[in-house]
Amino acid sequence: MNTSVPLGTGGVSFAVRSRVADLTDADRELLLGRAPDDLSGVRTAVSDLISDVRARGDQALREMAARFDGVELTAIEVPRELWRSAVDELEPAVRAALERAASNIRTFHEAQIPADVEVEVEPGVRLGRTFVPLAAVGVYAPGGRAAYPSSVLMGVVPAVAAGVDEIVVCSPPGPNGVPSREVLAAAEIAGATRLFAVGGAGAVAAMAYGAGSVPRCAAVVGPGNKWVLEAKRQVAGEVVIDSPAGPSEVLVLADETADPSRVAAELVAQAEHDPEAAVALVSTSPALLGSAEAALAEQLAGAPRRDVIEEALRTRGGLLLADTHDEAVSFADAY
């Protein structure tokens, strides 16, 4: 760790705390080379999990739930009545926030639906392009460490806007054998058609190939940890995937006019996802770095996932002072 500059006074532990100009090769490698550790082992393990799901379907998924989630599933598919009751049980403010987000996502994606094109390139010769919705789409929503109803909304609502008939959601089961109340409610609000208490690489395999209760989907979208990331990589080509998005990452580029509490909240919002999340704050203002770190320490004190956030900051976090705006932007580009 480079400690040539005593940046910040909030007492938060960052993996790298330095002027950008003073970053060592090791510092830059840690910040810029964000691939998960032990990828070869992950690849082999995920390949085995996918093969198992393809061969044994629901039984493999049940065994994975017991092994990875500590839950004995009585049913893999979650009945629709549980989705509806989850909406009714939400706090009014949370329900309003989910409904508002769903409406905004729908408005944005409906505006992007392309129009069909037909052109007569010469007399009697017409060429055209027609857009047809996929028959079925699978949406993965993480849930092993926390609930992510936002992932449900961001995967399901665009599919609804596009006119997809079958929209399948998979999310890990909680101790009661079903995903969190917020995920169930989000599936109902967003307009999903089926929901399964299945997580990790097994869920990706089930949606990609069809396994037991889970129908085969033409596309699989949604974020996840390195296991989900690797599973999506391995099924790409069999199905469409959105992107091989792995553990969360964010770089905040802020100047002296930034609101320190909002800067800190941006870091927390990503670091709380996963101990392997990568977060960095770059600024030309030492004062902003200090006040943002103080705000971060304050937010950490009351964070329910404080241990996860602190581990992410300690292992892959950066607090960086740039001498010029151009230097800050150049580092952001490299990141």
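Right, Val139: closer than 30 Å to Val268 by Cα and either of a type in the set (Val, Ile, Thr) or buried (at least 21 other Cβ atoms within 10 Å of the Cβ) (or both) or not?
Answer is yes for this residue.
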Inset, instruction - Would you tally the residues in region 75-97 being without any contact (Cβ under 8 Å) to a residue 60 or more places away in the chain and farther than 27 Å from Leu61 by Cα? - result: 6
Legend entry - Of all residues in region 132-148 being modelled with pLDDT of 95 or more and not aliphatic (A, V, I, L, M), the one that is nearest to Pro92 (Cα to Cα): Tyr140
Inset, instruction - Using the structure shown, decide if Pro223 is closer than 30 Å to Val198 by Cα and under 14 Å from the mean Cα position of the chain (by Cα). - result: yes
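Look at region 300-335 and say how many of its residues are aromatic (Phe, Trp, Tyr) and not in a loop (DSSP other than H, G, I, E, B).
So the answer is 1.
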Legend entry - Of all residues making up region 58-84, the number that are out of contact with any Pro (no Cβ under 6 Å at 6 or more places or on another chain) and open to solvent by 40 Å² or more (accessible area, probe 1.4 Å): 15
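Can you tell me which residue among Gly128, Gly177, Gly163 is modelled with pLDDT under 95 and open to solvent by less than 70 Å² (accessible area, probe 1.4 Å)?
None of the other options fit; the residue is Gly177.
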Legend entry - Residue count for region 105-125, restricted to those that are surrounded by 11 or more Cβ atoms within 10 Å (Cβ to Cβ), farther than 15 Å from Pro149 by Cα and either in contact (Cβ under 8 Å) with a residue 12 or more places away in the chain or not aromatic (Phe, Trp, Tyr) (or both): 5
Inset, instruction - Considering each residue of region 126-184, count those that are part of a strand (DSSP E or B) and among the β-branched types (Val, Ile, Thr), and give that number. - result: 5
Legend entry - region 30-57 - residue that is acidic (Asp, Glu) and at pLDDT 95 or above and, of those, most open to solvent (accessible area, probe 1.4 Å): Asp48
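The values are calculated or read from the model by the stated rules, or taken from the named source; none is laboratory data. What you are looking at is a predicted structure, and each value in this text was computed from that prediction instead of being measured. A quick note on method: Cβ atoms are made from the backbone with ideal geometry, for glycine too, and the neighbour counts reach across all protein chains shown. Heads up: the accessible areas ignore ligands, DNA and RNA and are worked out on the full protein's heavy atoms, side chains in. Shrake-Rupley method; radii C 1.70, N 1.55, O 1.52, S 1.80 Å.
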